[in-house]
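These notes concern the structure reproduced below.
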Amino acid sequence: MTTVLTPASPLTAADRCDRCGAQAYLRVVLASGGELLFCAHHGRKFEPELKKIAVEIQDESGRLSGTAATADDDER
Ligand SMILES: [Zn+2]
């Protein structure tokens, strides 16, 4: 899956999911200018809604399939 446009700044371990506090793998830029961060789990859960309101979705969840160094309770 290739949703990544132009990764301005890669997500880091310091970026946390707005819903559960896990490491964020998706950055959602809203039309309003705000930003939301989601882990892979919540990114997938809210993806249909996010696509309606986002102007850009930076998806780095693909990194989970490579080296899963951190806890990933639901990687796909
Ligand atoms: Zn989450």
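Ranking request for peptides 48-54, 15-21, 25-31: highest mean number of other beta-carbon atoms within 10 Å first, then the rest in descending order.
With the highest mean Cβ count within 10 Å placed first, the list reads 25-31, 15-21, 48-54.
Sum up the charges of everything whose Cβ sits under 14 Å from the Cβ of residue 33, counting Lys and Arg as +1 and Asp and Glu as -1, but leave residue 33 out.
Every neighbour counted, the sum reads -1.
Read the figures in this text as sums done on the coordinates, not as results from a lab. All of these numbers come straight from a predicted model, not from anything done at the bench. Neighbour counts run over all protein chains shown; Cβ positions are idealised from the backbone, glycine included.
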